[in-house]
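What follows is calculated from the coordinates using simple rules that are stated; it is not laboratory data. On a predicted model such as this, the values are computed, not experimentally measured, just so you know. FYI the Cβ positions are ideal-geometry reconstructions off the backbone, even for glycines, and counts take in every protein chain you see.
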Amino acid sequence: MLRRLFGSRGSRKNEAKQEIQVQEVTEPEVEQQEVEVQEVETENTVEPVTKTGLFARLKQGLSKTRTGFIDRISQIVTGRAIDEELFEELEEILIQADVGVTTTLELMDTIRERVKTDKITDGSGLQSLLKEEIVALLSKHHQPLALSDERPAGIMVVGVNGAGKTTTIGKLAYRLKQEQAKVLLGAGDTFRAAASDQLKVWAERVGVDVIAHQEGADPGAVAFDTVAAAKARKADVFILDTAGRLQTKTNLMAELGKVYRVAKRELGRDLDEVLLVVDATTGQNALSQARLFSEAAPVTGIVLTKLDGTAKGGIVLALANELKLPVKLVGVGEQMLDLQDFDPVEFTEALFS
Ligand SMILES: Nc1nc2c(ncn2[C@@H]2O[C@H](COP(=O)(O)OP(=O)(O)O)[C@@H](O)[C@H]2O)c(=O)[nH]1
Ligand SMILES: [Mg+2]
């Protein structure tokens with residue numbers, strides 16, 4: 001979970017010093033966050049402590065889904081013999097948790113098969129089997145967030161309005177900064193002045209710079225300037241925000257494609273990641289968002305936000321199974337530390353524990 005995207009490099013520390021003004025503003029907050037985590041755990045080295053802290057946050061963030069999904073499964077399987085009625089009840093819970101009909105039916109087929117071949121006869125065996133099959137399903141197309149060694153690395157963030165794009169960028173910038181990376185943000189949501197203000201607030205908190213234009217400006221121009229500035233300032237990574245748009249509005253989707261091409265041309269290669277931010281509470285619509293955004297821009301992965309706000313976290317299974325796109329990050333709250341690498345085993349563990 002704490003996989004580093006960037007190694008810590010001494011030379012970057014000197015560069016970071018040039019941004020001293022911004023850092024002064026933000027350091028108290030950053031330290032506060034760290035203290036919070038350390039209080040949850042304790043002792044010795046920072047690494048295991050923080051890791052346990054992140055797992056606790058993930059568990060906490062998944063508590064609604066655990067109650068509405070996994071706990072209900074525990075209730076129905078406990079002390080039951082396995083029969084068709086139990087399978088049907090399980091199926092119903094999966095569908096209600098937003099796993100989706102297609103994925104539920106596939107999952108249930110596998111489970112029915114394995115119950116036979118593994119000669120499972122009791123409810124607790126069935127639950128262990130389900131857990132194993134969930135890990136297998138989530139691992140199918142799994143790929144972590146990956147930034148190449150070329151500098152600057154480029155990330156573009158897309159999605160519908162209110163999905164959590166800007167918040168995700170803030171959290172991701174925080175994390176990269178912790179890894180000693182020099183980060184530059186691009187305020188590509190030029191629809192409303194409030195949108196770039198929101199990004200600036202995050203930037204100030206985290207202690208990174210932002211490239212922004214006036215309200216109503218061409219988002220392609222922001223993309224161009226962001227990449228050019230990232231190169232000129234020798235940034236390690238830039239993250240480009242974009243305006244939210246409905247996947248059904250074809251002209252706006254075409255504009256997104258243009259913004260991507262401008263960034264790509266100026267960078268001289270494909271961006272490292274085009275992250276589609278999806279709100280976990282939107283249910284099965286997430287699948288349609290993923291399909292149509294992928295047609296407009298070369299989406300490389302999904303960020304699933306607001307898992308803390310829903311009992312229907314089963315959507316992650318539908319996304320992992322029905323799209324060729326990996327879920328790369330999950331959002332489990334509004335704070336800086338509430339963005340985590342998606343790890344199939346850890347995620348399932350947090351869900352079942
Ligand atoms: N609870 C919770 N809220 C989130 C999460 N991610 C984003 N939000 C909230 O969702 C709202 C919309 O987020 P924003 O980043 O502005 O969405 P954008 O329109 O896609 O840029 C804000 O109030 C965020 O604080 C999350 O993982 N959990
Ligand atoms: Mg936004």
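In the neighborhood of Ala296, defined by Cβ-to-Cβ distances under 14 Å, what is the net charge if each Lys or Arg adds +1 and each Asp or Glu adds -1?
Numbers: positive: Arg245, Lys249, Lys258, Arg261, Lys264, Arg291; negative: Glu255, Glu295.
That works out to +4.
Between Glu150 and Asp109, what FRET efficiency comes out of the Förster formula 1/(1 + (r/R0)^6) with R0 = 51 Å and r the beta carbon distance, rounded to 0.05? Could you put the intermediate results ahead of the total?
On the way: r = 44 Å, r/R0 = 0.86.
In this case the efficiency is close to 0.70.
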Q: Amide H neighbours of Leu185 under 5 Å, at least 5 residues apart or on other chains, H built in the peptide plane: list them.
A: Asp209, Val210, Ile211, Ile239
(Q) Per residue of the range 323-334, what does 6.51 cos²θ - 1.76 cosθ + 1.60 with θ = phi - 60° give for ³J(HN,Hα)? Whole Hz please, x for Gly and Pro, Karplus curve as stated. (A) 10, 7, 8, x, 7, 9, 9, 10, x, 10, x, 9
Q: Read phi for every residue in the range 150-162 and hand back ³J(HN,Hα) as whole Hz from Karplus 6.51 cos²θ - 1.76 cosθ + 1.60, θ = phi - 60°, with x for Gly and Pro.
A: 5, 10, x, 7, x, 10, 10, 10, 10, x, 6, 4, x
Q: Report the label-to-label distance for Glu88 and Lys324 in nanometres (one decimal), using points 7 Å from each Cα along the Cα→Cβ vector.
A: 3.9 nm
Q) Which number do you get for Rg(Cα) / (2.2 N^0.38 Å) in the range 218-353? A) 1.13
Q: Return P(r) of the range 215-277 (all Cα-Cα pairs; 5 Å bins starting at 0; whole %; ordered from short to long distances).
A: 4, 17, 29, 25, 16, 7, 2, 0
Q. Roughly what angle does helix 123-139 make with the longest principal axis of the chain, taking Cα atoms, 0 to 90 degrees, to the nearest 10?
A. 30 degrees
Q. What base-10 log of the normalised intensity I(q)/I(0) is obtained for the chain from the Debye formula, alpha carbons as equal point scatterers, at q = 0.07, 0.08, 0.11, 0.12 Å⁻¹?
A. -0.32, -0.41, -0.75, -0.87
Q: List the residues whose amide H sits under 5 Å from the amide H of Ala153, counting only those 5 or more places along or on another chain, with H placed 1.01 Å from N in the peptide plane.
A: Val237, Phe238
Q) Given the rule -39500 (n - 2.57) for each run of at least 4 DSSP H residues, summed and divided by the residues of the chain, what is its mean residue ellipticity at 222 nm, to the nearest 500 deg cm²/dmol? A) -17000 deg cm²/dmol
Q. What FRET efficiency, computed as 1/(1 + (r/R0)^6) with R0 = 41 Å and r the Cβ-Cβ distance, is obtained for Asp197 and Ser74, rounded to the nearest 0.05?
A. 0.35
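Exposure proxy check: Leu271, Leu307 ranked by fewest other beta carbons within 10 Å?
On the way: Leu271 23, Leu307 27.
Fewest-to-most ranking of Leu271, Leu307: Leu271, Leu307.
With the cut-off at 27 Å, tell me which of the pairs Lys131/Lys171; Lys200/Lys312; Lys59/Lys131; Lys140/Lys200 have Cα atoms farther apart than that.
Values: Lys131/Lys171 30 Å; Lys200/Lys312 32 Å; Lys59/Lys131 16 Å; Lys140/Lys200 37 Å.
Violating the 27 Å Cα-Cα cut-off are Lys131/Lys171; Lys200/Lys312; Lys140/Lys200.
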Q | Cα convex hull of the range 106-244 - mean projected area over all directions, nm² | A | 11.6 nm²
Q: Starting at the first residue of the range 253-260, write each ³J(HN,Hα) from the Karplus equation 6.51 cos²θ - 1.76 cosθ + 1.60 with θ = phi - 60°, in whole Hz, x for Gly and Pro.
A: 5, 5, 4, 4, x, 5, 4, 4
**Q.** Residues whose placed amide H lies under 5 Å from that of Val274, excluding near-sequence neighbours
**A.** Met156, Thr300, Gly301
Q | Rough spin-label spacing in nm, given labels placed 7 Å along Cα→Cβ, for Asn285 and Leu252 | A | 1.2 nm
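Please order Val262, Val208 by the number of other Cβ within 10 Å, starting at the fewest.
Details: Val262 21, Val208 28.
Lowest to highest Cβ neighbour count: Val262, Val208.
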**Q.** Spin-label model distance (nm) - Ala217 vs Glu334, 7 Å beyond Cα toward Cβ
**A.** 2.8 nm
